[in-house]
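Derivation of every value follows stated rules applied to the coordinates shown; laboratory data play no part. A quick note: this is a predicted structure, and the numbers were derived from the prediction, not measured. Note that each Cβ is placed from the backbone with ideal geometry, even for glycine, and that neighbours are counted across all protein chains shown.
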């Protein structure tokens, strides 16, 4: 007889969910044991790694990936990565094991109070009322993950998989199409606003990180003759960062942001909300007389934005129409390269020079990478104290050229780099991590080594939480020590991942010259731990 498991596996095949990521537990054994041909299960040694790998694949393909987690312990461990997946717009179907339905009311061992464990970060949470509703819940989760660009959870009691599947119709469409059309009437108010502006400016975000949106935004910026800024704390590039109209990255402080955009009487934000900040600062977000408009596919971004106009639509389709609708601005906006700004300007390329005494600096490492990597390299970043320097030194030249950690959480970048490479094995993938950040996701190195995933991991090792030290120094003395005893290269070796540690420019250059030309064809990962204690104390 056909079981719920049989029906769910067929749904997974029909939807293309044939690569599963997970870390197994006993409540998932009825699903996972004897998986049929055509379903590939990739083991991660921690749930954070499983979700991160799946998120990388989903971001690379634009389609949902499937993750299997174990009850409360698994979901609890994975919440950090689910936060990152939601902020980075990674569509995921997340199957979560639960105790046997027949005695769950008594809360036996491994019962999980799962529905609210991940907070509001899942785009949907399903607790099927009957076992026979599970296949439909998985199909709906797939569509919801795509619609809302985030993780959708399905909680399945372990005995549901063996239940007989009756003739119940699966409560989800076999195919769901997404309209992207925008009419001239939809963008007419935006064209009117921009036409009436003397100095318009564009601000882009992660929601514009695709080729069609880039092409439309380049055309629109040319018609408006205006600079283009990237939103603060971005996770993905919304505009080609080597383009002459790219002005840089907006600051996260309200006063600096206001000063940076001062003089612009119209601000069009595309693929982001208005506008992410960090520490609270009093005062208005924009100068008086500045009109703000938003175009985003994310309703929540539109709803929370203090804007005069908001349009919920495909940024690519809307901006393509808008570029044809606006009147060309012949002059007015100061060229991005020359304009003074409170934000950071790109391409402040530090040439490798070395620190006094021959030690490495983060700037040396990043400049060495910038002079060697191919333009289509995917750069995955999780190095908080060097993030600004990395963004300046390694501009994104492709919509998938940069993937960051905009949620403020650590540990997702390392496994995401693995998932990106798995999804596109012919494309070079470079992960640049802090040593403190890498420790949150280090278990994923085993998966990279075991499955032959040729990512180059560069660890900027300063043996401390540099950002936290800097923040604490403003208030007093930090109560935590550095951790010079930690060596990521040794940890990587313990997970079966080849690794080397370098402390000089000569040693780094030798490795990069040998490895970077092989990044398109490598089937072996490599971790390079660069001792950048020359950036400041403490060090090794």
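Assorted remarks:
- Gyration tensor (alpha-carbon) shape descriptor, region 124-262, a/c threshold 1.5: prolate
- Value of relative contact order over the chain, rounded to a whole percent, pairs C-alpha under 8 Å and six or more apart: 14 percent
- For region 226-257 and region 276-318, distance of Cα centres in Å: 14 Å
- Take the Cα of residue 300, go 7 Å toward its beta carbon, and the backbone nitrogen atoms of region 98-118 under 13 Å from that spot belong to 118.
- Order of 412, 84, 385 under a 10 Å beta carbon neighbour criterion, fewest first: 385, 84, 412
- Measuring nothing but how far apart in sequence close Cα pairs (under 8 Å, 6+ apart) lie, relative to its length, region 184-325 scores a relative contact order of 30 percent.
- For the chain, dividing the convex hull volume of the Cα atoms by the residue count gives 159 Å³ per residue.
- Taking the average, over residues, of other Cβ atoms within 10 Å as the packing measure, peptides 302-310, 230-238, 179-187 rank 230-238, 302-310, 179-187 from highest down.
- The helix-based estimate of mean residue ellipticity at 222 nm for the chain, built from -39,500 (n - 2.57) per DSSP H run of four or more residues and divided by its residue count, is -9500 deg cm²/dmol to the nearest 500.
- Counting every other Cβ atom within 10 Å of each residue's Cβ, 142, 451, 41 order from fewest to most as 41, 451, 142.
- Inter-label distance, nm, simple model (7 Å from Cα along the C-beta direction), residue 371/residue 127: 5.9 nm
- Share, in percent, of DSSP beta bridges within the chain that are antiparallel, nearest 5: 5 percent
- Distance from the alpha carbon centroid of region 440-489 to that of region 130-188 works out to 38 angstrom.
- Exposure proxy ranking, count of Cβ atoms within 10 Å, fewest first, for 148, 20: 148, 20
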